[in-house]
Amino acid sequence: MKTKISCDILVVGAGPAGGAAALAAARQGARVLVVDRRQVVGVPVQCAEYIPAMLMGHLDLDKSFIVQQIRGMRTYLPGEPVKETRAPGFTIHRDLFDQAMIKAASDSGAELMAYTRALRRIDNETILLKRKSGQYLTVRAKIIIGADGPRSTVGRWVRTVNRNLLPGIQVTLPLVEPMDWTEIFFDPEVYAGYGWLFPKKDFANIGVGMKNSNRSLNKIRPMLDRLIARLVAEGKVTGIPVRYAAGWIPVAPVRQAVHGNVALVGDAAGHTHPITGAGIYSAVVCGEMAGRWAALSVEKGDVSVLKHYDDQWRDLFQGTFDRASQRRQSMESGWHDFSRTIKSCWIAFREYYA
């Protein structure tokens, strides 16, 4: 037997984009239901856990998720001097960040239903859900916001699937000494990707993301092992990994995020930087946009209002995403000539902006 429930806005996914959308919509008086397949919001963590300082202006939250300040980014190229770029920000506990977003949304009236999957869209406004207990529910929602990650179920419902994804893997290791710079490592063997070290007080997230190809298939773990060995030899990290993570990184935004009464946000919309893979800032900002337009659409009883979300996110991010997409194409096609290609394809170098 199915239980029937209703809301104004159904948000699928409780990450930064879904949390921001739910918070913005609830603050405008909409009845919001958030469903997430995980038992605990934000767990497991699949993120390097860095946010830029400018994001803090968007967050009216308890800041206990912040781990430390970051001064900037160091880029390492083979045979080149280290390039330092001022990029103030913070490393965070991503699980606590996501939980703070959802708590703020709940405090504003949104309802969270964890351990719940969105299975199928029965009609435009009716979604079939399944709880971990095996219970089935149908929910009637005027607007549906898909914030369910790079392999979005909601995206499949509207035939908008982002297939341009990079695999990424990461371990968390103890730091030998505190650091306040993130570090980026390029290697010709890491095809159209890079390695990273993001410090978090006594620990560091160390990972590799690279493009899938015939020559890189099954190489990502050996490349991570090689990076760890380098960092151990340099006296930066030590010990046994305390956490492993893996996931997919979108490297191309969708051209249209609104389809009738459905809006895609965050990784589901490919709202990550196609070169760096950074996505928390754009997820939160675009989530806020989608939540506001969704609430206004409900208030006016006019689903066409939701289309303004597409206009707004494009105005803010399309230029950046388009440049990065062009650079990614150049990176992938020119990787065989690594030394001539790489500086025009990484944000730390002026050649990138030429």
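What FRET efficiency comes out for the pair Val82/Ile240, r = Cβ-Cβ distance, R0 = 41 Å, nearest 0.05?
0.90
Largest first, please: the extent of the C-alpha atoms of the range 208-354 along each principal axis, to the nearest Å.
Over the range 208-354, Cα extents along the principal axes are 61, 39, 29 Å.
Run the simple label-point estimate for Val161 and Met113 please: 7 Å along Cα→C-beta, distance reported in nm.
2.5
Could you give the alpha-carbon Rg of the range 105-216 over 2.2 N^0.38 Å, rounded to two decimals?
This ratio for the range 105-216 stands at 1.53.
About its Cα centre, how strong a charge dipole does the range 68-202 have in debye, to the nearest 20, once Lys and Arg get +1 and Asp and Glu get -1 at the Cβ?
880
What distance in nm separates the simple spin-label points at Arg120 and Arg71, each placed 7 Å from Cα in the Cβ direction?
According to this spin-label approximation, the distance is 5.8 nm.
May I ask you to list the trypsin sites (Lys or Arg not before Pro) in the range 148-249 that are in a DSSP loop and have at most 15 other Cβ atoms within 10 Å of their Cβ?
Those that pass, being in a loop and sparsely packed, are Arg159, Arg163, Lys201, Arg215.
Select one label from (1) -0.72, -0.86; (2) -0.49, -0.73; (3) -0.70, -0.93: the one whose number is log10 I(q)/I(0) by the Debye sum over Cα atoms at q = 0.09, 0.11 Å⁻¹ as derived from the coordinates shown.
After the calculation, the listed value that fits is (2).
What pairs from Lys4/Lys211; Lys103/Lys132; Lys200/Lys343; Lys103/Lys142; Lys4/Lys307; Lys83/Lys211 go past 32 Å between their alpha carbons?
Those over the limit are Lys4/Lys211.
For the chain, which whole-number percentage of the solvent-accessible area (1.4 Å probe, protein heavy atoms only) is attributable to carbon and sulfur atoms?
Solvent-exposed carbon and sulfur of the chain make up 50 percent of the total.
What accessible area, in Å² to the nearest ten, does a 1.4 Å probe give for Ile102?
We get 10 Å² for Ile102.
If you take all C-alpha pairs in the range 265-305, what percent of them are over 16 Å apart?
42
Could you provide, to the nearest whole Å², the per residue accessible area of the range 75-209 with probe 1.4 Å?
44
What is the pair-distance distribution P(r) of the range 162-227, computed from all Cα-Cα distances in 10 Å bins starting at 0, with each bin given as a whole percent?
Using 10 Å bins, I get a P(r) of 22, 48, 24, 6 for the range 162-227.
Determine the gain in length on full extension of the stretch Arg350-Asp180; use 0.36 nm per residue of separation and subtract their C-alpha separation, reporting nm with one decimal.
58.9 nm
Return the whole-Å distance between the Cα centroid of the range 302-354 and the Cα centroid of the range 212-278.
Their Cα centres are 17 Å away from one another.
Could you pull out which residues in the range 101-119 have an amide N less than 17 Å from a spot 7 Å beyond the Cα of Asp60, following the Cα-Cβ vector?
Flagged as within label range: 101-110.
Can you give me the convex hull volume of the Cα atoms of the range 1-45, divided per residue and expressed in Å³?
74
So how compact is the range 1-119: Cα radius of gyration and Dmax in angstrom?
Values for the range 1-119 (Cα only, Rg and Dmax): 17.8, 66 Å.
Using 0.36 nm times the number of residues separating Gln326 and Ser304, minus their current alpha carbon distance, what extension gain do you get?
Full extension from Gln326 to Ser304 adds 4.8 nm.
With n ≥ 4 as the cut-off for DSSP H runs, can you work out [θ] at 222 nm for the chain, using -39500 (n - 2.57) per run divided by the number of residues, rounded to the nearest 500?
Taking each H run of at least 4 residues, the total per residue is -9000 deg cm²/dmol.
Could you tell me the ratio Rg/Rh of the range 188-268? Both radii from Cα atoms, Rh via Kirkwood.
The Rg/Rh ratio comes out at 1.10.
The values are calculated or read from the model by the stated rules, or taken from the named source; none is laboratory data. These numbers were taken from a predicted model, which means no experiment stands behind them. Backbone-built Cβ (ideal geometry, glycine too); neighbour counts: all protein chains shown. Surface areas here come from the heavy atoms of the whole protein model, side chains and all, with no ligands, DNA or RNA. Shrake-Rupley method; radii C 1.70, N 1.55, O 1.52, S 1.80 Å.
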